[in-house]
Each structure stands twice: as structure tokens, then as C-alpha cells.
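Right, one structure below, let's go through it.
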Amino acid sequence: MLFTTLACPQCGGVLPRQASWRMVICPYCSATVTRSKSVVEAVRFKEAKTRVLANARLAYAFTSCIVRWQGQHLLVLKRLGIGESAEAYLAERMGPLPERVTLKLAHAATLPDTLAREAEILRALQQSRAPGAAYYAQRLPQVIGCGRTEGAGGHAREALVLRHPSGYWGSLAHVLRYQSSGIDPRHGVWIWRRVLDLLSFAHASGWTHGDLSADHWLVHPRDHGIHLVGWAHARPNASPDAIARDLMQAAWTVRFLLCGGEELPTISHRIPAPLADLLRQSSEDADWCARMGAMGVDQALKAAAREAFGPPAFIPFNPTSA
């Protein structure tokens, strides 16, 4: 068996084993010693951090798109959308390790604490102990913080800061700007299934969403993923009637996507009969939705899709295709 002894390069004294991974003081000559080449002294790190912060502030000194929030500076990059209670922006936390975030700023007429309540809802979902909680926590908005913020104009506004989900292209309402006649029904199947999957978790956790419009469905084209946002109208203690309303809203939104955004989407001839029948029943029969639940509707959708399109297959999705 081989033993390794660490010796001080200055006096030759034996060093404690912690010298293998961090700086230590030699007990014989008081020299600062380490074996690791990647160790950085705390004082040097703080000096570097100060320099980076100073350079960042200098670089953004002439822009008015900086929001100050809880001692941090958020650089607003672009607007993501406007809702009835807030505007959503893509922003970047300025600092030595910049981070992209979603910044929601409440409208002037929005009731106080509206965004604070949304933050509480999202935290409750993140703390759910329903089956699959660790998986679904990554597919629902994650709160960084909520509180008053002061923009460049000096006006305090309520703000909600969320982790920005990477890889998501935009909302499905935005997709219809490019595909005005409606998306391919095959894409409607996987999109609907992803939403039903998320709703089954929310309902099992005791919550209903309450506002399942296409603006609140963010799409990940490469991974066929859906990120469900807009939880301001969510309600706890989900009743069968509230669950049925969620499921009917989801079905109406799928009809909206397949028919190109008509105000009262009809069942177009492009939709195969098995899928068309399920869409009609899911969007118009509240009692059936209450009996089936999200997982029951999903099972019916799997059967209808197999009958209409055959075995499952991955179909590449391009949001900007005409």
C-alpha cells in the first residue's frame, strides 16, 4: 500500500491532508500552501467580481432598459407578451454570472398583490407531493422572487421574476401568425396530450388552471414540449366542475389551433373523424369531462389518434412554416 505525504515547499514540514484540495497554513513556517492549481483566494475572487460588476454597469450606463429589483439590476432584452394583469419581458440579471429570466411587471390598473398571489400558486405547485412532482416541477414556471421594483422612470411596480425556460420558441397563439389556416392535426395530438399531462398533475395537486388559452401554451419545437404559464386565475381545492372547465378549455384551444384561430372554431374537414368526434365531445360535454378526468381524456385521445394516424411517430414541428 502506498501513502502520500504532503510537504511544505518552503520548510519541508508535513502539511495536513486538506492541502490536497484547498489552501492551508503550514503549521511550521506559516506559509500559505495548496496542491490544487485551480484554487483561487477569496480576496482575488472578490476583486475580480468587483471589476466585472463595474464593467457591466459601465456597458449599460447609457440604456434606459434597466429595472432595479431587490438590490439587483435586470437588463430588459425584449417584450414577450402582454396579459390582462401584467407585461412579460425577457430580461438578464446583470453580474459576474448573468442569468436569463422572465420578468412580469404589473399594469398600473392591476389590483395590488396580483403577482404575489400568482407566485404563491406557483410555489404551491412546486411543493406538491403528487406523483411525478420532481418531473413536473421542471415543466411549470419556477419563481425566483416577487416584490416591488423601480424602473428607469422611477415608478414602483409589482414584479414577478421567473426562471426563463430554455428552448421554448414562443406561444402557440404566436404560431398562428405564421400558420393562419391552422396547424397540422398530427401536431394537435401531441400538443393536447402534453397539456393533459400537465393538467393531470395540477388536478392531482388540488389546483385548476382556469385560463387555458393558446397565449399560455409555450412550445418547444425540437422536444415536442409544452410549458404551461399564466396561472393567475388558478384555484385550489379543485372540484369536478372546475376540472371539467379546464378540460373543456383545453379542447377548445386545440380546436382554435387546428382551425386557424376562429372565434368559434368549427370542426374542419382536415381533422380526421375519430379526432373530430373526440374534440367535439371534450369541448362541449362537461359531464363527460368530469367523469373522464385528464387521464381519461388522454386515453381516449391515444385511441383516436391511433385510429386516425396509425402508430405513434415523431413529426418535426416548424412553428414558422406557412
Scope the stretch 105-122; condition open to solvent by less than 100 Å² (accessible area, probe 1.4 Å) and in a helix (DSSP H, G or I); matching residues = Thr114, Leu115, Ala116, Arg117, Glu118, Ala119, Ile121, Leu122
Taking Glu150 as meeting all but one of (1) surrounded by fewer than 17 Cβ atoms within 10 Å (Cβ to Cβ); (2) within 15 Å of the chain's Cα centre (by Cα), write down the number of the exception.
-> (2)
Only residues that are more than 17 Å from the chain's Cα centre (by Cα) and β-branched (Val, Ile, Thr): list them for the stretch 103-146, please.
-> Thr110, Thr114
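If a residue has to be under 20 Å from Val219 (Cβ atoms) and either β-branched (Val, Ile, Thr) or not in a loop (DSSP other than H, G, I, E, B) (or both) to count, how many in the stretch 298-322 make the cut? Before you say what the answer is, go through the steps one by one.
In the first step, residues of the stretch 298-322 are kept if they are under 20 Å from Val219 (Cβ atoms); the result is 298, 301, 305, 309, 312-322.
Those still in the list that are either β-branched (Val, Ile, Thr) or not in a loop (DSSP other than H, G, I, E, B) (or both) too: 298, 301, 305, 309, 315, 320.
Going through the stretch 298-322 one residue at a time, the tally reaches 6.
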Considering only the stretch 270-296, state which residues are on the phi < 0 side of the Ramachandran plot and of a type in the set (Gly, Ala, Ser).
-> Ala273, Ala276, Ser282, Ser283, Ala286, Ala290, Ala294, Gly296
Can you run down the residue pairs with Cβ atoms below 6 Å, 6 or more apart or on separate chains, where the first is in the stretch 295-322 and without any contact (Cβ under 8 Å) to a residue 12 or more places away in the chain and open to solvent by less than 60 Å² (accessible area, probe 1.4 Å) and the partner is assigned to a helix (DSSP H, G or I) and not small (Gly, Ala, Ser)?
-> none
Do you know which residues across the stretch 139-195 are small (Gly, Ala, Ser), in contact with a strand residue (DSSP E or B) (Cβ under 6 Å, 6 or more places away or on another chain) and assigned to a strand (DSSP E or B)?
-> Gly145, Ala156, Ala159, Ser171
Within the stretch 177-201, residues being of a type in the set (S, T, N, Q) and surrounded by 18 or more Cβ atoms within 10 Å (Cβ to Cβ) number 2
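The values are calculated or read from the model by the stated rules, or taken from the named source; none is laboratory data. Please read all numbers here as calculations on a predicted model, not as lab measurements. Heads up, the Cβs are rebuilt from the backbone with ideal geometry, glycines too, and the neighbour counts pull from every protein chain shown. With ligands, DNA and RNA removed, areas are computed over all heavy atoms of the protein, side chains included. Shrake-Rupley method; radii C 1.70, N 1.55, O 1.52, S 1.80 Å.
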